[in-house]
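J.: This is the structure I have questions about; it appears just below.
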């Protein structure tokens with residue numbers, strides 16, 4: 001009995017063992033061991049890391065550029081005197097030379113811009129400075145237009161300098177006759193009080209506007225080659241300017257003597273003595289207009305013109321060539 005029970009238990013255990021699932025290894029293919037492929041995942045990871053690095057670098061550079069630009073903007077708005085985003089350079093205008101480096105001061109008329117223009121009364125009556133812009137060609141340009149521009153600009157600078165300018169001689173004559181410039185004249189005439197000198201404030205102010213201020217017997221002003229309208233006014237067919245051969249302004253010094261009379265440069269002489277003008281004929285200043293622009297002048301224009309030109313001062317007398 002014992003032997004039969006033992007055999008029965010062995011049969012049951014064998015049967016249970018047969019019911020347990022077994023993992024069966026696949027047969028080898030051609031005798032090669034299978035390999036796990038890792039190369040593809042390594043390349044993908046490397047590309048991803050590289051792209052992330054490039055993006056991070058790009059963002060960093062953009063932030064640096066924006067930060068630098070903002071700093072420059074803030075600093076530039078904080079001060080207008082020192083350029084903060086450019087190299088520090090020497091201010092050429094602040095350099096002083098022992099010689100003055102101003103050769104033009106001694107050149108007189110030769111530094112004046114060569115300008116040609118018409119002087120015929122039929123065409124140039126009431127010629128105005130604005131004609132230089134409206135009629136820029138030399139065929140339609142009047143001397144009087146350039147003179148009007150010179151007169152206005154120089155008068156304004158003398159006034160700003162406290163020189164009490166007044167129009168005299170030919171400019172006053174044109175104002176009385178026609179309230180305009182005399183068409184056939186070569187110059188404009190301004191009287192002034194005080195002293196003038198080279199390289200003073202008036203000289204520099206006129207130079208900045210494109211005018212040449214020089215001394216030739218008296219102080220005079222002409223259009224310089226640096227004038228804003230030089231390109232249209234310049235006549236290349238003309239040689240270097242000779243004396244009195246361009247439009248210019250004569251500046252005549254005025255001096256009050258003993259509160260009773262005035263000594264004015266340019267007045268005619270009697271017995272080799274310059275004629276004095278009574279104070280009440282000079283002050284208070286009167287006002288005349290030339291092409292609508294007001295100018296101070298002597299208190300009694302008629303007295304002044306009769307003394308200078310005679311009783312027939314209203315009759316035009318063109319200068320002889």
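J.: Without any contact (Cβ under 8 Å) to a residue 60 or more places away in the chain and in contact with a strand residue (DSSP E or B) (Cβ under 8 Å, 6 or more places away or on another chain): which single residue out of 206, 264 fits that description? Show your work before the answer.
T.: Values: 264 fails: without any contact (Cβ under 8 Å) to a residue 60 or more places away in the chain.
Within the list 206, 264, the selection yields 206.
J.: Moving to a separate point now. From the set of residues in the stretch 116-139 that are under 28 Å from the mean Cα position of the chain (by Cα) and outside any loop (DSSP other than H, G, I, E, B), which is modelled with the lowest pLDDT?
T.: Within the stretch 116-139, the match that is modelled with the lowest pLDDT is 138.
J.: Sticking with this one: Which condition number does residue 159 fail, the rest of (1) at pLDDT 95 or above; (2) in contact with a helix residue (DSSP H, G or I) (Cβ under 9 Å, 6 or more places away or on another chain) being met?
T.: Every listed condition holds for residue 159 apart from (2).
J.: Does residue 273 qualify as being over 26 Å from residue 206 (Cα atoms) and either in contact with a helix residue (DSSP H, G or I) (Cβ under 6 Å, 6 or more places away or on another chain) or surrounded by 14 or more Cβ atoms within 10 Å (Cβ to Cβ) (or both)? Quick ask: steps written out before the conclusion?
T.: Numbers: over 26 Å from residue 206 (Cα atoms): yes; either in contact with a helix residue (DSSP H, G or I) (Cβ under 6 Å, 6 or more places away or on another chain) or surrounded by 14 or more Cβ atoms within 10 Å (Cβ to Cβ) (or both): no.
Considered against the rule, which asks whether it is over 26 Å from residue 206 (Cα atoms) and either in contact with a helix residue (DSSP H, G or I) (Cβ under 6 Å, 6 or more places away or on another chain) or surrounded by 14 or more Cβ atoms within 10 Å (Cβ to Cβ) (or both), residue 273 comes out as no.
J.: Given the criterion more than 29 Å from the chain's Cα centre (by Cα) and either more than 21 Å from residue 129 (Cβ to Cβ) or touching a residue at least 24 places away in the same chain (Cβ under 8 Å) (or both), identify the matching residue among 274, 220.
T.: It is 274.
J.: Take the residues in the stretch 279-291 that are without any contact (Cβ under 8 Å) to a residue 40 or more places away in the chain and more than 14 Å from residue 308 (Cβ to Cβ), then tell me which one is nearest to the chain's Cα centre (by Cα).
T.: So, considering only residues that are without any contact (Cβ under 8 Å) to a residue 40 or more places away in the chain and more than 14 Å from residue 308 (Cβ to Cβ), the one nearest to the chain's Cα centre (by Cα) is 287.
The values are calculated or read from the model by the stated rules, or taken from the named source; none is laboratory data. All of these numbers come straight from a predicted model, not from anything done at the bench. Reconstructed Cβ throughout: ideal geometry from the backbone, glycine too, with neighbour counts over all protein chains shown.
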